[in-house]
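Just so it is clear, none of the values below were taken in a lab; they were calculated from the coordinates. It should be emphasised that the depicted structure is a prediction, and the values quoted were computed from it without experimental measurement. Don't worry about glycine lacking a Cβ; one is built from the backbone with ideal geometry, like all the others, and counts go over all protein chains shown.
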Amino acid sequence: MTRTVPDVQKLADQILRESAHRARYTVAIAGPPAGGKTTLTTALANALSAHKPVAVVAMDGFHFDNAILRQRDRLHRKGAPDTFDVNGFRSVLSQLAQQTEDLVVPVFDRELDLSRACASIVSPADQLVLVEGNYLLVQTPPWNIPQEYFDLSVFLSPSIEVLEERLVERWLAHDHSPADAVKRANANDLPNARYVLENSRTADIVL
């Protein structure tokens with residue numbers, strides 16, 4: 001299915017205007033799984049990097065390892081709010097706000113289905129930081145991240161019907177049968193999507 005990317009240049013222009021006299025400007029890009037966050041973040045980073053140094057920090061890098069999820073009997077719900085290192089993620093966001101030295105962050109490897117530690121570095125010279133993740137604007141503890149960590153918040157909000165189509169498509173691309181793809185989407189991904197849609201605060205920009 002072809003995805004429509006929002007007007008990236010218009011959003012990039014707004015960020016550049018608002019960050020003109022700032023040493024650091026941080027943007028939250030939030031929304032449900034399969035909402036298009038990674039697509040938007042990648043396109044936005046490319047558009048902005050021609051003007052200022054840009055770093056990307058993805059919440060997915062803070063997934064608990066599968067071994068931990070098995071111990072907790074939560075592997076079948078990987079991606080749910082309690083399957084992330086929330087405290088570690090919040091610590092990184094706090095450090096970004098007052099950064100004076102290189103900050104090392106993990107990156108989630110979708111092919112390996114695990115987080116790679118020390119896989120990316122955010123430099124104090126990175127004037128723009130794009131933070132991407134499902135639960136960035138969720139108001140329910142422990143995900144109630146202080147609003148002041150973000151200078152701008154963007155929320156991608158497709159309909160549940162569109163999300164279901166994309167999620168099933170995602171599992172089909174991972175060689176699941178049509179029946180299994182629908183089952184996996186309904187058992188885990190869509191409950192997570194509804195949680196995000198129902199519990200997130202209103203963003204500065206909703207797409």
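Checking each residue in the range 122-143 for being among the β-branched types (Val, Ile, Thr) and closer than 18 Å to LEU44 by Cα picks out VAL122, VAL129, VAL131.
Got a number for residues in the range 65-88 being without any contact (Cβ under 8 Å) to a residue 24 or more places away in the chain and farther than 20 Å from GLY31 by Cα?
Step one: of the range 65-88, the residues without any contact (Cβ under 8 Å) to a residue 24 or more places away in the chain are 67-75, 82-83, 85.
Next, only the ones that are farther than 20 Å from GLY31 by Cα stay: 67-75.
Counting residues in the range 65-88 that are without any contact (Cβ under 8 Å) to a residue 24 or more places away in the chain and farther than 20 Å from GLY31 by Cα gives 9.
Consider ALA67 carefully, then state whether it is small (Gly, Ala, Ser) and either over 29 Å from GLU161 (Cα atoms) or in a helix (DSSP H, G or I) (or both).
When the stated conditions are applied, ALA67 passes them.
Among the residues of the range 22-48, which ones are closer than 24 Å to ARG194 by Cα and not in a strand (DSSP E or B)? Steps first, please.
At the first step, the residues of the range 22-48 found to be closer than 24 Å to ARG194 by Cα are 27-41.
Matches in the range 22-48: GLY31, PRO32, PRO33, ALA34, GLY35, GLY36, LYS37, THR38, THR39, LEU40, THR41.
Within the range 74-99, the only residue that satisfies the criterion of being touching a His at 6+ places or on another chain (Cβ under 7 Å) and assigned to a helix (DSSP H, G or I) is THR83.
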